[in-house]
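What follows is a single structure, written as structure tokens, with notes after it.
A short reminder: the numbers here are calculations on the coordinates, not readings from a lab. As the structure is a prediction and not an experimental result, all values here were calculated from the model. Neighbour counts are summed over all protein chains in view; Cβ atoms, including those assigned to glycine, are modelled from backbone coordinates with ideal geometry.
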């Protein structure tokens, strides 16, 4: 917004923000209820209400709002997904969108409470924890999720070849393990061990592994990332660093180094937009600033590329590189 904008412009901007939040709630409802999926083909409101097991009148009101949003269009007495929105129910993109919106709702609660007593990751119960975990990973049971995973792998030099050779993958702080499970599905010779201290999230991960048919090559362990041990070394360690408070990070990185074979690969996500000033107003800078509010509540340090590289090399890794890909930014490093 222009610094010279008057009260009318400010009010319009605030109104737009409020409307966007309400529209996000509307889309989240339409996804979670199955309404959008049932409207992939033309359907009457009465049939749609029966399909989602809800009264006709509120379904009609929701449909009207979705028409105004451009998600649905009317065909006489029927409604149908618009051409623009139809891809949302193809390839599992709707699953990703629902998870993203559920995670955004959970993060809104955290942001709104950020000036009070800081909320730990464990505050708010399992429902919010699962929403947060699922919003930062890809849904492995969907065609879209697996395609994006394949694209991310292709963007990191040498990773495809390493996985195809039958790599052992260790994920520290795996949560629901979407990326690891999609990787196991795409590469039939890969073996995965996921480590996390949240038993409820590991239950979700195990269910996903069964759904994908990879349970024979995937193991989940409820354990602290800094103390997990294994008789065999790993080719790859993925460290979900955004979920590691300051006091736990050294032990986790030291263990990552110890668990890797010589020449083994460390992967860890990087906060997007860290090179841009908040004053730039770019979407990446805005998102990074919002996420920083949450991470600081959890005592997770918000590090620039250079700061993260220093932390990683301080643990004994070498050759840190940052890969800015379409759907994620990832740092790689190697055990000497």
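List of remarks:
- Peptide ranges 45-56, 228-239 listed from the most packed, as the mean C-beta count within 10 angstrom indicates: 228-239, 45-56
- Highest-first packing order for the peptide set 84-94, 316-326 is 84-94, 316-326, based on the mean count of other beta carbon atoms within 10 Å.
- Computed P(r) (all Cα pairs; the range 102-175; 10 Å bins; percent): 16, 35, 26, 19, 4, 0
- Between 218, 302, 43, the Gaussian network model of the chain with springs among Cα atoms under 10 angstrom shows the greatest mean-square fluctuation at 43.
- Gyration tensor (alpha-carbon) shape descriptor, the range 182-226, a/c threshold 1.5: oblate
- Peptides ranked, highest mean first, by Cβ atoms within 10 Å: ranges 201-212, 7-18: 201-212, 7-18
- Cα gyration tensor category, rounded, prolate or oblate, for the range 7-89 with a/c compared to 1.5: prolate
- Taking only the Cα atoms of the range 58-165, the ratio Rg/Rh comes out at 1.11, with Rh defined as the Kirkwood radius.
- Contact order relative to length of the range 44-154, as percent, for alpha carbon pairs under 8 angstrom and 6 or more apart: 21
- The sum of -39500 (n - 2.57) across all DSSP H runs of n ≥ 4, divided by the residue count of the chain, sets its helix-only mean residue ellipticity at 222 nm to -15000 deg cm²/dmol.
- Enclosing the Cα atoms of the chain in their convex hull gives a volume equal to 158 cubic angstrom per residue.
- Based on C-alpha pairs under 8 angstrom that are at least 6 apart in sequence, the range 110-190 has a relative contact order of 32 percent.
- Across the chain, C-alpha contacts under 8 Å between residues 6 or more apart give a mean separation that, scaled by the residue count, equals a relative contact order of 12 percent.
- Translational diffusion of the range 210-336 was estimated from the Stokes-Einstein equation, with Rh taken as the Kirkwood radius over Cα pairs; at 20 °C and 1.002 mPa s the coefficient is 135 µm²/s.
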